[in-house]
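Worksheet: one structure, shown below.
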There are 4 protein chains.
Amino acid sequence: MAKTALIMIEFQNDFLSEKGAMAGAGIWKRAKDSNVVANTKKVLEAARNKKIPIIHSPISFREGYPEVASTPFGLFKGAADANAFKKGTWGAEIVDELKPKEGEMVLDKRRLCAFCDSELAGLLKNLDVKELIITGFITNWCVEVTGRSAYDRGIKPIFAVDCMEALSEEEQKFAIEKIFPVLGDVKTSDEVIKAL
Amino acid sequence: MAKTALIMIEFQNDFLSEKGAMAGAGIWKRAKDSNVVANTKKVLEAARNKKIPIIHSPISFREGYPEVASTPFGLFKGAADANAFKKGTWGAEIVDELKPKEGEMVLDKRRLCAFCDSELAGLLKNLDVKELIITGFITNWCVEVTGRSAYDRGIKPIFAVDCMEALSEEEQKFAIEKIFPVLGDVKTSDEVIKAL
Amino acid sequence: MAKTALIMIEFQNDFLSEKGAMAGAGIWKRAKDSNVVANTKKVLEAARNKKIPIIHSPISFREGYPEVASTPFGLFKGAADANAFKKGTWGAEIVDELKPKEGEMVLDKRRLCAFCDSELAGLLKNLDVKELIITGFITNWCVEVTGRSAYDRGIKPIFAVDCMEALSEEEQKFAIEKIFPVLGDVKTSDEVIKAL
Amino acid sequence: MAKTALIMIEFQNDFLSEKGAMAGAGIWKRAKDSNVVANTKKVLEAARNKKIPIIHSPISFREGYPEVASTPFGLFKGAADANAFKKGTWGAEIVDELKPKEGEMVLDKRRLCAFCDSELAGLLKNLDVKELIITGFITNWCVEVTGRSAYDRGIKPIFAVDCMEALSEEEQKFAIEKIFPVLGDVKTSDEVIKAL
């Protein structure tokens with residue numbers, strides 16, 4: 001049987017709280033309406049019960065945003081301008097409902113793609129992971145590119161589609177219908193849990 | 001001024017000829033209708049005139065497809081099943097109109113993303129490239145993920161949108177309207193040439 | 001002028017204290033005799049004064065050593081068997097004299113080479129670093145391979161040779177005389193400081 | 001049983017012929033005296049018989065040496081100044097005795113380390129390789145750093161020590177006695193063949 005791991009991308013206050021630095025983007029509202037945190041919590045608990053490797057992957061930047069100094073445009077500029085996801089702040093913290101337990105892996109993400117410039121590929125190789133359950137934000141940005149990169153590295157992405165949200169219904173739908181099925185499996189949280 | 005390079009992704013017979021191994025996908029027909037090769041040739045000639053680094057990036061696989069042995073699903077399975085993009089075959093060759101000239105770089109691509117498991121990032125760093133003009137196939141697959149990865153690596157992608165095609169109008173439009181503008185610049189071939 | 005950064009590799013209690021988990025290897029004794037910490041402190045202070053990017057790079061492993069699960073032999077096995085460099089323990093902490101100040105970058109190292117499976121290359125690229133002053137432990141292991149990899153990535157290593165130690169005089173001498181001069185510059189701490 | 005592959009590093013005319021561009025370094029003479037090519041040929045034939053994956057890894061550079069443009073010092077400067085290892089020339093060709101057969105993988109190397117900026121790690125992962133028999137040149141440069149990097153990636157290096165040479169007896173001996181045993185196994189060609 002293929003070995004499975006769970007990755008949880010950017011479940012942080014800056015995205016998920018009405019008071020977060022990125023609240024203006026409205027992810028918190030859409031995620032609330034679709035119960036993303038509650039759905040993901042069920043998957044997280046099931047993964048804990050089954051002793052599946054769990055990788056919490058919050059994004060964060062150091063003082064002065066040196067990690068994205070060469071990208072003074074696009075999404076990273078937006079984050080830096082909003083003072084978002086700053087290491088050590090409340091906004092960069094993982095939301096209370098999904099806080100890592102001791103022994104669970106936390107992997108600081110600095111890029112859209114969780115594999116880029118990180119230890120993720122090495123870690124998954126060491127753990128002999130062949131399938132990666134992907135949850136988090138934003139569906140068609142960090143989630144999608146992490147899934148695309150997993151595919152490129154021979155790891156089948158399992159997209160838990162009620163554990164993620166996009167900036168609009170159209171974008172959520174496009175990723176789920178046009179992109180994800182070509183890369184791997186598309187499942188609800190219940191289907192993911194049943195298959196564990 | 002930011003230093004610019006041009007990358008040309010998968011302008012190969014298997015995609016662009018009616019007799020190519022991937023002809024069933026219909027890329028050849030859509031690309032013909034939208035003059036992708038002719039548009040790209042203009043950009044290529046302009047880049048040659050301006051002495052801008054040119055990177056031809058055809059995808060290819062060795063006998064037995066060992067490069068994708070761990071991905072027996074999705075797009076790579078489709079390519080392997082169709083015996084497509086096999087190194088040394090006519091199908092894997094770059095189309096006549098866009099053949100590399102001596103001194104132009106050819107970089108064998110093995111993944112959806114041209115940066116993944118390749119020398120591309122190192123090469124662009126050495127050449128001090130800050131902006132990458134992206135052309136080729138398929139708009140919302142290899143082209144898009146290469147653009148996403150360029151962004152993650154601090155290189156601004158310039159998408160030459162009449163130098164690429166997708167499997168459907170909907171997918172072409174979605175990439176151009178929803179994804180590319182967030183990552184970098186969206187230009188026609190004429191606009192790209194004017195800015196060189 | 002080439003932009004310079006300073007990296008400090010594994011200045012941790014497990015190496016540098018008589019009570020550290022790796023004390024048996026004797027690095028603490030050799031480092032004490034050659035004033036490595038004092039010499040490095042001078043370089044660190046000079047780098048702080050000159051506002052040069054400083055990267056503290058301690059090695060650490062999570063509970064269960066999942067990062068090296070696929071390497072159950074050699075140096076990593078030795079570290080795991082000794083329960084060394086465990087994230088969150090006193091042994092994995094940087095020694096008091098060289099503790100990072102707020103705003104200085106800390107990069108958790110998981111491999112012999114500081115570039116392998118880490119954000120280091122991306123970070124140095126963003127900061128436009130062309131020369132890397134290297135200090136720390138062990139001279140012909142983590143220090144040397146990080147210097148070799150810097151070279152491979154177009155970054156000139158500056159080896160501050162009185163800011164590092166090996167397991168024997170022979171190994172220290174071989175690295176300094178036979179390897180380092182071929183890759184970059186070999187300097188004393190005083191020479192490094194003068195050149196800043 | 002751990003899956004094994006064989007890598008053959010830089011068995012090229014520029015190193016191994018008296019008329020090669022790097023002949024001045026004397027590798028050809030030392031390799032001749034110690035029968036490196038003949039020893040390696042025996043290992044190669046045994047690997048062919050056992051159907052073990054074989055990776056020929058010659059180093060090469062494109063016109064103008066763009067791959068090392070940012071490293072205008074050290075070994076790469078030496079190679080560029082000598083016009084060595086230029087793609088398409090006789091000097092960059094693999095020596096007749098060890099020419100790749102059809103179906104054997106050829107991986108163009110651009111760095112000292114065969115893993116750096118290449119598809120090697122991905123390829124070995126796909127082939128599920130856990131042990132890598134390493135042969136070639138130069139013992140304490142490209143061979144050693146490739147072995148160090150294999151170790152860092154969870155692959156056990158098997159150094160076939162009579163299938164490689166250094167620039168001096170001292171360097172050959174140091175690598176074999178002080179470095180290789182800490183990273184993996186040290187074997188003669190006969191021992192490697194017996195263990196296949």
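No lab work stands behind these numbers, since they all come straight from the coordinates. All figures in this text were calculated on a predicted structure; none of them were measured in a lab. Glycine also receives a Cβ, built like all others from the backbone with ideal geometry; neighbour counts cover every protein chain displayed.
Just a few scattered comments:
- In terms of the mean number of neighbouring beta-carbon atoms within 10 Å, the peptides C:100-108, D:171-179 order highest first as D:171-179, C:100-108.
- Pairs beyond 28 Å (Cα-Cα), from A:K32/A:K173; A:K109/C:K130; A:K125/D:K41: A:K125/D:K41
- Overall form of the stretch B:149-196 per C-alpha gyration tensor (a/c, 1.5; a/b vs b/c): oblate
- Taking every alpha-carbon pair within the stretch D:63-114, the share separated by more than 12 Å comes to 71 percent.
- Taking a sphere under 14 Å around the Cβ of B:A195 and counting the other residues whose Cβ falls inside, with K and R at +1 and D and E at -1, yields a net charge of +3.
- Summed side-chain charge close to A:V95 - residues other than A:V95 whose Cβ falls under 11 Å, Lys, Arg +1, Asp, Glu -1: -3
- Peptide D:62-72 has a mean shielding of 5, counted as Cβ atoms of other protein chains within 10 Å of each residue's Cβ.
- Average other protein chain Cβ within 10 Å of Cβ, residues D:139-145: 3
- For residues of C:122-130, the mean tally of beta carbons on other chains within 10 Å: 5
- For the protein assembly as shown, a crude dipole built from +1 on the beta carbon of Lys and Arg and -1 on the beta carbon of Asp and Glu, taken about the Cα centre, is about 0 debye to the nearest 20.
- Reference-scaled alpha-carbon Rg (2.2 N^0.38 Å with N residues) for the protein assembly as shown: 0.93
- Over all pairs of different C-alpha atoms, chain B has a mean inverse distance whose reciprocal, the Kirkwood radius, equals 16.6 Å.
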